[in-house]
Ligand code: NAP
């Protein structure tokens, strides 16, 4: 007979491993399924200095590994596999994986997080990692001494522009409105970098690869501009990783799993934690909480 775990957690980021720590400490037979990299979105950041207890800052990969070790110390088990399908409505929840077959549990915690929002322009997918990037801290080093464009106006985009300005010769920060969504401290810091050029009220319309790499934008006044660069960093927010659960669990209009602070979803025995859940603030500390 197939084994029925007490708890299966899908996703090995801060939400998943905190849930695993509490589950395992409470004596539950706890399994975590992680597709690729422990730490989730934390691994795409440089130093994390707003997670308490690490006054010198800590990189996301190390923090993820510490969270994993903390949960596994109490008996939680990690498997590296991809979940392909779920059947969650019954008393025994069934999770089909690419390599480990069907896994069963009495309770499931969805902690699949979120991923970068795409611009949705032609050719974008084919250029990922080869001109189009979604993580300045991961890929910025490829553009040392070169020219890059950063797209977006939130904390991530402005932070990315500031980070890349230390590496690159010129950084174009392209934003579709005339004001940044980013906080004042970050936005004010832009003026201290002479090699950041702001391109405001500009919506990206095309990724140009013929005759040199560039991004075309359309300004609010109708003017069109072609910004030549070596690479483009898309920093326009994130989207929840919930396509597996559509039709099973109730999602909101943006695709996040509808669940309150108690993490209960629309299905008994299925819970959601971290960035994948409907919530106000998405940070490492709130995911862990
Ligand atoms: P965000 O705050 O949602 O900002 C997304 C930005 O991208 C906005 O400026 C938005 O423009 C723009 N945008 C969205 N779709 C677009 C499209 N299709 N084309 C062009 N521009 C588009 O996302 P985020 O900056 O990734 O931040 C996510 C959350 O993490 C926020 O709560 C943020 O405060 C937090 N965060 C915090 C820190 C920190 O504490 N240091 C660092 C990074 C992120 P509009 O402004 O016009 O909507």
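Only a single criterion out of (1) in a loop (DSSP other than H, G, I, E, B); (2) without any contact (Cβ under 8 Å) to a residue 24 or more places away in the chain is not satisfied by residue 180, namely (2).
Residue-by-condition table, conditions (1) in contact with a helix residue (DSSP H, G or I) (Cβ under 8 Å, 6 or more places away or on another chain); (2) surrounded by fewer than 24 Cβ atoms within 10 Å (Cβ to Cβ); (3) free of Cβ contacts under 8 Å to residues at least 60 places away in the same chain; (4) under 18 Å from residue 99 (Cα atoms):
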position: 4; (1), (2), (3), (4): no, yes, no, yes
position: 14; (1), (2), (3), (4): yes, no, no, no
position: 18; (1), (2), (3), (4): yes, yes, no, no
position: 49; (1), (2), (3), (4): no, yes, yes, no
position: 66; (1), (2), (3), (4): no, yes, yes, no
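Output the residues belonging to the range 54-94 that are assigned to a strand (DSSP E or B) and under 19 Å from residue 38 (Cβ atoms). Quick ask: steps written out before the conclusion?
Just the residues of the range 54-94 that are assigned to a strand (DSSP E or B), to begin with: 58-59, 77-80, 83-87, 93-94.
Hits for the range 54-94 are 58, 59, 77, 78, 79, 80, 83.
Annotation note: of 145, 123, 113, 101, the sole residue that is closer than 21 Å to residue 35 by Cα, surrounded by fewer than 17 Cβ atoms within 10 Å (Cβ to Cβ) and either within 16 Å of the ligand (Cβ to nearest atom) or more than 18 Å from the chain's Cα centre (by Cα) (or both) is 101.
For the range 184-241, the set of residues classified as away from the ligand (no atom under 11 Å from the Cβ), closer than 30 Å to residue 277 by Cα and part of a loop (DSSP other than H, G, I, E, B) consists of 241 only.
Would a scan of the range 159-170 turn up a residue that is modelled with pLDDT of 95 or more, within 19 Å of residue 225 (Cβ to Cβ) and not in a helix (DSSP H, G or I)? Yes - at least one qualifying residue is present in the range 159-170.
Going by what's in this entry, would residue 99 be described as touching a residue at least 60 places away in the same chain (Cβ under 8 Å) and either farther than 25 Å from residue 282 by Cα or touching a strand residue (DSSP E or B) at 6+ places or on another chain (Cβ under 9 Å) (or both)? No; evaluated as a whole, the condition is false for this residue.
Could you tell me whether any residue of the range 132-139 is surrounded by fewer than 18 Cβ atoms within 10 Å (Cβ to Cβ), at pLDDT 95 or above and either out of contact with any strand residue (DSSP E or B) (no Cβ under 7 Å at 6 or more places or on another chain) or not in a helix (DSSP H, G or I) (or both)? No; the residues of the range 132-139 include none that is surrounded by fewer than 18 Cβ atoms within 10 Å (Cβ to Cβ), at pLDDT 95 or above and either out of contact with any strand residue (DSSP E or B) (no Cβ under 7 Å at 6 or more places or on another chain) or not in a helix (DSSP H, G or I) (or both).
Of all residues in the range 242-268, those being assigned to a loop (DSSP other than H, G, I, E, B), in contact (Cβ under 8 Å) with a residue 40 or more places away in the chain and surrounded by 21 or more Cβ atoms within 10 Å (Cβ to Cβ) number 3.
The values are calculated or read from the model by the stated rules, or taken from the named source; none is laboratory data. Computed from a prediction, not measured in an experiment: that's the story for all the values here. Note: ideal-geometry Cβ built from the backbone for every residue, glycine included; neighbour counts use all protein chains shown.
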